[in-house]
Amino acid sequence: MAHGVLPFGVAAIDRALPGGGLARGALHEILGAGGDEEDGALAAAFAAHILGRLTKPPTSPSRSLTRPGPSLSPLKGGEGKQTLSLSALGGGEGRGEVGMVLWCLPRPDLYGPGLAAHGLDPGRVVLVRASRDAEILWAMEEGLRASGIVAVVGEVGALPMVASRRLQLAAERCGITAFLLRRWREGGQATRERALPNAAVTRWRIAALPSRPSRGEPGVGRPRWRVELLRCRGGEPASWEMPAWEMGVPDATDHVSLAAALADRPAAPVAAEKYRRTG
Amino acid sequence: MPLADALSFLPGLATTLAKPAEDAAALRRLAEWCGRYSPWTAPDGADGVRIEITGSAHLWGGERALAADLAARLDRRGVASRIVIADTLGAAWAMARFAEASASVVILASGRLRAALASLPVEALRLDPITAQGLRRVGLKRAGDLYAMPRDALARRFGETVARLLDQALDEMPEPLSPLGEVPSRRVRLSFAEPITEPADLMLATERLTADLVPRLAREGTGARRLDLGFYRVDGRVERIRIGTAHPSRDPRHLAALFRERLDTVDPGLGVEDMILAAHAVEPLPAEQIGLPGHTASPHPNPPPLAGEGMGGGIAPLLDRLGNRLGLAAISRLEPRESHIPERASVRVQPHLTLPIPTDQVRGLKAHDAMGPLPLPPKGRRGPKTPSPPPGAERAGVRWGISGKPPRPIRLFDPPEPVEAFWLLPDDPPFRFMWRRRRHRVMRADGPERIADEWWRPGGAGEVDAIRDYYRVEDEDGRRFWLFRAGLHGGDRKPRWFVHGVFS
């Protein structure tokens, strides 16, 4: 936690993470689920949401999250963790929130408007296309050594233990946060890779849930996700079922609820009702 | 003389097969190696190399020293040679092949050009054998015999070539030399007394060269976009590393680092005796303020990511490192465009092209010409890629539209992937579709959102196939897809369905 944490802005998740947020300067792994393991749409959306918060200029409303608010105070054991995260974040903001995101991927299928809808300014993303996993890992490591980069994302299939450890060490050294989005083309590789250990600090799995038809409205309802924290260094695995708009995902009403708006939402007790903790 | 005759004259004559292609390749290599003397070199015929040393002889201590150096090196490599330095290519060619002097190095002073050529046979004027024979038949045996002839008479009788070649040899008409490869705008050379082979030595030399080159670029206010580092090996081969940069650069450490990554691709053989660093493409790069120590945070909340960098910070060095390994085309950024066509609303552009371009230059015919009509979705599984509009086109004032339109997917497939879909009513979304050998049952759907062709583009109207109806569908697992139907019902062709993207 040498580089501080980035709170999700979703109290339930922040509570499960040591330090009250996602560790900066560390390697995080994000998995898709089911058929999305190949496309990585949810993993990309989840990453975009985090990156959007990571790259917000200091003057943006996201800063209000760092203010000690009533929303955090009732949480159990919240006091100590809260101060830790606040001081760390304060240091992080001055260091380099302004910068680019290096996104290394084998097929440049990221869509700008989609990223923008998840709160990440596409103008901040530099895409690096490399066909082989080894090249993507190399590019990520280069990015972790460079200046002007706030976060590095890589979409890889095969991930050797050594490579993940190198990335984790590089991320720790320079304080740049790295994300690995796992995309697997075929089931055999997916099964193999899922079981392999790696050096990432957290491992997430994001799955889509069928939307609930709301108030008799026809059509596609609001997206719902199951966010699973499969592994977390210094924390417990957990899982949440949540409406995706809590994470800044645009819903079916054509409106975008940006993460910034979450800052001023009602305090934690209300949030606690919204989530059903399943794991 | 046929081989049989020759063997009867001289039994035991050593023979070897002629290999013109290999000879030509070897000559080309030799010419390339001669690049250590001047960038203007080219193979000449089957047995010669031309080197333009105007302006580079002084680097070697004069023409005589240059010729001596060249002769010694050729000798060491076992290449029999005669070196002639003259004012014109024609004269040098003639003297090298027809002069009776025994010396291996001949330097022809400017004033002696006519006199020296006069005694040579007419063949020395680079004439083809038939023309030369014709000249001999009328008694013109020596080049000097032609001096007095009126040029128009010569041209009438023997063709334009004779007169031209004579004039060129006598320096009365210019003769350009087309060099092998590209002539750099700046180059620096480093020679070693002892050939070097160690990677560490090569790196050290590379650093010296870049440090040499940079002040010259700085004086001109330019930065290099493309650099070529040549390793001249003792065996006459030339190894090269070429690097490119995304943004003009004259940071010696950065440039040296770019070379370092590729240095292991260089085979020094028995040793490298010369290294030449050439800057091929230079672009203006104004003088810059070097960042003050300790001052890293930018006053701008959102600075243009590449501007004003090069000597210290910024991501340009990173892009160069990535680009030189993966190819500069692998690096891109997303730019919004004013278009309803989904794949046109977000395009990938080269990072260095995202520097501000004046809008009045952007809105031109060129941009629209290049766009063309909306491409039809591919017929097979993989169709041709959608041509992306030129950089800078229609950029002015475009922002990422996230409101006002139905949601857009986070991943967009280019080209759209065809699916096998089943539907009931013409305007309904499918109730089931097959994609990537997997069956998806459509539980819910939104739509259609009709996106028609951009008819105002040249050739953009009238295609029924170009009308797309987009549906956002959710399958039984909750995954969401962006499907579209290309074409309308009731036409001659059945409409086809595609997956264009996936939602989060």
**Asked** Restricted to the range A:127-154, and to residues that are at the interface with chain B (Cβ under 7 Å from one of its Cβ atoms) and farther than 16 Å from A:A26 by Cα, which residue is nearest to the chain's Cα centre (by Cα)?
**Response** A:L127
**Message:** Can you find a residue that is crowded, with 17+ Cβ neighbours inside 10 Å, at pLDDT 60 or above and touching a helix residue (DSSP H, G or I) at 6+ places or on another chain (Cβ under 6 Å) anywhere in the range B:387-399?
**Reply:** no
**Prompt:** What about B:R29, is it of a type in the set (K, R), surrounded by 12 or more Cβ atoms within 10 Å (Cβ to Cβ) and modelled with pLDDT of 85 or more?
**Reply:** yes
**Request:** Report whether or not B:D47 is among the charged types (D, E, K, R) and within 30 Å of B:L146 (Cβ to Cβ).
**Result:** yes
**Item:** Residues that are crowded, with 17+ Cβ neighbours inside 10 Å, of a type outside the set (D, E) and farther than 20 Å from A:A117 by Cβ, drawn from the range A:181-203
**Value:** A:R182, A:R183, A:W184, A:A190, A:N198, A:A199, A:A200, A:V201, A:T202, A:R203
**Request:** Could you run through the range B:152-194 and say how many residues are of a type in the set (K, R) and surrounded by 16 or more Cβ atoms within 10 Å (Cβ to Cβ)?
**Result:** 4
**Item:** the range B:492-504 residues that are in the same structural domain as B:P416 (by TED's automatic domain parsing), paired with ones that are acidic (D, E) (beta carbon under 6 Å, 6 or more apart)
**Value:** B:V499/B:E417; B:V502/A:D39
**Request:** Using the structure shown, decide if B:D453 is surrounded by 17 or more Cβ atoms within 10 Å (Cβ to Cβ), more than 9 Å from every other protein chain (Cβ to nearest Cβ), assigned to a loop (DSSP other than H, G, I, E, B) and at pLDDT below 85.
**Result:** yes
**Item:** Given (1) surrounded by 13 or more Cβ atoms within 10 Å (Cβ to Cβ); (2) in contact (Cβ under 8 Å) with a residue 12 or more places away in the chain, number of the condition B:S110 does not satisfy
**Value:** (1)
**Request:** With the checklist (1) free of Cβ contacts under 8 Å to residues at least 60 places away in the same chain; (2) crowded, with 20+ Cβ neighbours inside 10 Å; (3) out of contact with any strand residue (DSSP E or B) (no Cβ under 6 Å at 6 or more places or on another chain) in hand, flag the one item B:D251 doesn't pass.
**Result:** (1)
**Fill in**
Output for Cβ contacts, cut-off 6 Å, separation at least six or different chains, first residue more than 7 Å from every other protein chain (Cβ to nearest Cβ) in the range A:106-126, second part of a helix (DSSP H, G or I) and surrounded by fewer than 22 Cβ atoms within 10 Å (Cβ to Cβ), reads none
**Prompt:** Does B:R82 satisfy the condition of being in contact with a helix residue (DSSP H, G or I) (Cβ under 7 Å, 6 or more places away or on another chain), surrounded by 11 or more Cβ atoms within 10 Å (Cβ to Cβ) and over 23 Å from B:M173 (Cα atoms)?
**Reply:** yes
**Message:** Exactly one condition in (1) under 14 Å from B:W93 (Cα atoms); (2) surrounded by fewer than 19 Cβ atoms within 10 Å (Cβ to Cβ) is false for B:L127; which is it?
**Reply:** (2)
**Message:** With surrounded by 22 or more Cβ atoms within 10 Å (Cβ to Cβ), more than 8 Å from chain A (Cβ to nearest Cβ) and assigned to a strand (DSSP E or B) as the only criterion, which of B:R439, B:R485 stands out?
**Reply:** B:R485
**Message:** I want to confirm something. Restricting to the range A:155-168 and keeping residues that are within 20 Å of A:C232 (Cβ to Cβ) and touching a helix residue (DSSP H, G or I) at 6+ places or on another chain (Cβ under 9 Å), which single residue is nearest to the other protein chains (Cβ to nearest Cβ)?
**Reply:** A:L167
**Prompt:** When you look at A:G119, is it more than 17 Å from the chain's Cα centre (by Cα), modelled with pLDDT under 90 and not polar (S, T, N, Q), yes or no?
**Reply:** no
**Message:** Step by step: first the residues of the range A:25-56, then only those that are farther than 27 Å from A:R192 by Cα and not basic (K, R), then the one that is farthest from the other protein chains (Cβ to nearest Cβ). Which residue is that?
**Reply:** A:G25
**Prompt:** Can you pull out the residues in the range B:6-21 that are within 34 Å of the chain's Cα centre (by Cα) and surrounded by 10 or more Cβ atoms within 10 Å (Cβ to Cβ)?
**Reply:** B:K19
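The values are calculated or read from the model by the stated rules, or taken from the named source; none is laboratory data. Keep in mind that what you see is a predicted model, and the values were worked out from it rather than measured. Cβ: placed from backbone, ideal geometry, glycine included. Neighbour counts: every protein chain shown.
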